[in-house]
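Remarks on the structure that follows.
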Amino acid sequence: MSIKNAQIQEQLQQQKLGQTFSQQQLLQSSLIELPVTQLVDRINTEMNDNPALESESPYDDDTIATEENDFDNDAEGTEDFETVNEREERQSALDEALSGIGRDDEDLPVYQSGSSYSEEREEMVYGETVSFYDQLKEQVGEMDLTPKERDIMEYLIGSLDDDGLLRKDLSIVSDELAIYHNIDATEQEIEHVLLMLQAFDPAGIGARSLQECLLLQIERRDPSRVRDLMERVVNDYFEAFTRKHWDKIQDDLKLSDMQAEALFHELRKLNPRPGASLGETVGRSMQQITPDFIVDTQDDGTITFTLNNGEVPELRVSQSFVDSMKEYQQNKDHLSKQTKEALLYIKKKVDAAQGFIEAVKVRRHTLTVTMRAIIQLQRQFFLDGDEASLRPMILKDVAEKAGLDISTISRVSNSKYAQTRWGTFPLRHFFSDGYVTESGEELSTRQIKAALRDLVDAEDKRKPLSDDQLKDQLATKGFPIARRTVAKYREQLGIPIARLRK
């Protein structure tokens, strides 16, 4: 063999900076990602795998009290009873430890970050599967409709957006009914059925715009001075209302500060997304969501929240395992080889149980500080439920507010939901990118898109607005963005170009 083709092996020693994760950190990360329903399953699996981990049953104290009462009249008998039971518990723990030696459970599956729990997340369905369509269909069954009206009603329900509003022009609905369902219906016939749909619950369903949605809710209130004022604000001062120009409304209506505050308080109760309380629209398999957070907005503007622990039990380390460890450690010099192996097995299980309990506590703390930061950053949305109130917010903003790592915030935001006064939303709903204008003002892309959609919905379908015209009108509403940005957001919203919107 020539020297050129020779292979030489060398050993080199060098220093490198690297980051490694302990098993405990991996466990904490995996639990943080789980929504509350999967956390319950995860805990049950862990308790089945680890005999040293158990839940604090509410019946334990009652059982002990009953046993003690049974032996109240015989103190010596009580002592013998407790001693026997303690001994039996420790022996049972030892027997279980001995039988567990050699079992294929190295380090427990709880520390595997790529476990099947994450893989199965997309397949989990929470609660009963009932669609938005089915819930409205139940109300259709209570009405006396002709077959044609029923067909139109079902088509209108299927055309609602996720928020429960109908954003299709009635002329388009008429054309689609004729083309796809061979139903000849005039716009007047469709509007007649739509008015019946708008009488369904929740109030505001089937509205053709945010303004109509709010008016439908106001109409269901009992006649009063406040109702008349609310109706006037939404009818005559809608632009000022959406821009939150409360001072202008108060001055024009000649209201005192107390009257204005009472009026604005009632207006804030209106729900801009009535469909959110019903779930998703037809055509999508709706999952009844179990919220991880329950946010409560008080009438005085106080916002509080609680973690939904569901059926998550309080965990503890089995006392029999702890007692067995203490007893065997006191006599470790006189233990047989088999007993020492049992002791090591018990210690391993106790350590794993303590680590799991600590990981659950860390999850609870992490979720708490994350949700607190989100509410602080998006406080206005939780007060009024207006999507336009959502300010630009990214993972980094929440991480800095909560004092956590960005990757941790990402895990918390994944597959978690918050129940609010305005509906139940995924945590990702509260995040949005920002658009910085030439003057340095930061605007929410979600807010800009909402304004863009409103302009398109309100345009004359015979003369739809071009991107340049949309740019100009957005600028007058306080959104000075470029034409190419208008085109990008229009495409993201699935809105065709002007000539295709005729």
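The values are calculated or read from the model by the stated rules, or taken from the named source; none is laboratory data. If you're wondering where the values come from, they're calculated on a predicted model, not measured in any experiment. Positions of Cβ are backbone-derived with ideal geometry, glycine not excepted, and every protein chain shown enters the neighbour counts. Calculation scope for accessible area: heavy atoms of the full protein, side chains included, ligands and nucleic acids excluded. Shrake-Rupley method; radii C 1.70, N 1.55, O 1.52, S 1.80 Å.
Structure data summary
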read-out: Residues of segment 155-165 that turn out to be loosely packed, with under 15 Cβ neighbours inside 10 Å and assigned to a helix (DSSP H, G or I), as a count; value: 1
read-out: Residue selected from segment 306-323 under the condition within 15 Å of the chain's Cα centre (by Cα) and open to solvent by 50 Å² or more (accessible area, probe 1.4 Å), by the criterion modelled with the highest pLDDT; value: 306
read-out: Search result, residues across segment 179-202 that are free of Cβ contacts under 8 Å to residues at least 12 places away in the same chain and either within 36 Å of the chain's Cα centre (by Cα) or over 11 Å from residue 152 (Cα atoms) (or both); value: 179, 180, 182, 188, 195, 199
read-out: Extreme residue, least open to solvent (accessible area, probe 1.4 Å), among residues of segment 424-439 that are in a loop (DSSP other than H, G, I, E, B) and modelled with pLDDT of 60 or more; value: 431
read-out: Single residue of 299, 247 found to be at pLDDT below 85, acidic (Asp, Glu), surrounded by fewer than 17 Cβ atoms within 10 Å (Cβ to Cβ) and more than 20 Å from residue 153 (Cβ to Cβ); value: 299
read-out: Selected residue (criterion: surrounded by the fewest Cβ atoms within 10 Å (Cβ to Cβ)) from residues of segment 207-236 that are modelled with pLDDT under 90, of a type outside the set (D, E, K, R) and assigned to a loop (DSSP other than H, G, I, E, B); value: 223
read-out: Hits in segment 480-502 (condition: open to solvent by 40 Å² or more (accessible area, probe 1.4 Å) and hydrophobic (A, V, I, L, M, F, W, C)); value: 493, 497, 500
read-out: Residues (more than 23 Å from residue 30 (Cα to Cα) and surrounded by fewer than 22 Cβ atoms within 10 Å (Cβ to Cβ)) located in segment 346-357; value: 347
read-out: Within segment 480-502, considering residues that are of a type in the set (A, V, I, L, M, F, W, C) and free of Cβ contacts under 8 Å to residues at least 40 places away in the same chain, the one farthest from residue 240 (Cα to Cα); value: 500
read-out: Close pairs from segment 464-479: first within 18 Å of residue 391 (Cα to Cα) and exposed (fewer than 14 other Cβ atoms within 10 Å of the Cβ), partner basic (Lys, Arg) and modelled with pLDDT under 85, Cβ under 8 Å, at least 6 apart; value: 478/243
read-out: Residues that are in a loop (DSSP other than H, G, I, E, B) and at pLDDT below 85, drawn from segment 464-483; value: 477, 478, 479, 480, 481, 482
read-out: Any hit, segment 403-413, residues being open to solvent by less than 80 Å² (accessible area, probe 1.4 Å), free of Cβ contacts under 8 Å to residues at least 60 places away in the same chain, charged (D, E, K, R) and not in a loop (DSSP other than H, G, I, E, B); value: no
read-out: Subset of segment 173-195 [surrounded by 14 or more Cβ atoms within 10 Å (Cβ to Cβ) and aliphatic (A, V, I, L, M)]; value: 173, 177, 183, 185, 190, 193, 194
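Results for (1) at pLDDT 85 or above; (2) farther than 27 Å from residue 492 by Cα, shown as yes or no for each residue.
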{"site": "360", "(1), (2)": "yes, yes"}
{"site": "363", "(1), (2)": "yes, yes"}
{"site": "381", "(1), (2)": "yes, no"}
{"site": "399", "(1), (2)": "yes, yes"}
{"site": "441", "(1), (2)": "no, no"}
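Per-residue answers, yes or no, for (1) acidic (Asp, Glu); (2) part of a helix (DSSP H, G or I):
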residue	(1), (2)
148	no, yes
153	no, yes
174	no, yes
183	no, no
188	no, yes
191	yes, yes
194	no, yes
199	no, no
204	no, no
